[in-house]
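Before any comments, here is the structure.
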Amino acid sequence: VQLQACGGGLVQAGGSLRLSCAASGRTFGSYIMGWFRQAPGKEREFVVVITWDGGSRYYADSVKGRFTIARDNAKNTVYLQMNSLKPEDTAVYYCAARTNTVAISRRLNEYDYWGQGTQVTVSS
């Protein structure tokens, strides 16, 4: 499985961006998908996860109410709509796939495939 994230950029505080993550392979629709981010000098952290059917979504408290995850299994793509962006949202954003679909996870080491990351910069 290969994941390709895009959509990052430079935006002013209060603005919006939509990230996309396109996946190769026929089994995308069975994967749990997550977004993580890594700010300069910090560890990579969980942002949001979505179940294989989109039926459940779990957000980090820091983005709840501002970010929305969605997926289109027909297009092998997961999206992250980011609204009301803050300077502290500045980071490289990574999408990731978890093939074990028994349970969702917020732990980095429980994801099997990672995209290359896309930079999001929010200016104040």
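The values are calculated or read from the model by the stated rules, or taken from the named source; none is laboratory data. Model, not experiment: these values are computed from the prediction. Please note: Cβ atoms are built from the backbone with ideal geometry, for glycine as well, and neighbour counts cover all protein chains shown. Protein only, heavy atoms only, side chains kept; ligands, DNA and RNA dropped before computing areas. Shrake-Rupley method; radii C 1.70, N 1.55, O 1.52, S 1.80 Å.
For residues that are in a loop (DSSP other than H, G, I, E, B), small (Gly, Ala, Ser) and open to solvent by less than 30 Å² (accessible area, probe 1.4 Å), tally how many sit in region 1-37.
1
Just a yes or no: is a residue in region 53-66 in contact (Cβ under 8 Å) with a residue 60 or more places away in the chain, within 20 Å of ASP112 (Cα to Cα) and not aliphatic (A, V, I, L, M)?
Taking region 53-66 as the starting set, the residues that turn out to be in contact (Cβ under 8 Å) with a residue 60 or more places away in the chain are none.
Checking region 53-66: not a single residue is in contact (Cβ under 8 Å) with a residue 60 or more places away in the chain, within 20 Å of ASP112 (Cα to Cα) and not aliphatic (A, V, I, L, M).
Which of the residues that make up region 38-76 are touching a Lys or Arg at 6+ places or on another chain (Cβ under 7 Å) and in a strand (DSSP E or B)?
Selection gives GLN38, GLU45, PHE46, VAL47, VAL48, VAL49, ILE50, ILE69.
Keeping to region 91-124, report how many residues are open to solvent by less than 30 Å² (accessible area, probe 1.4 Å) and either assigned to a loop (DSSP other than H, G, I, E, B) or polar (S, T, N, Q) (or both). Full working, then the answer.
Here is the first cut: in region 91-124, the residues open to solvent by less than 30 Å² (accessible area, probe 1.4 Å) are 91, 93, 95-98, 105, 111, 115, 117-118, 120, 122.
So of that shortlist, the ones also either assigned to a loop (DSSP other than H, G, I, E, B) or polar (S, T, N, Q) (or both) come out as 105, 111, 115, 117-118.
Result for region 91-124: 5.
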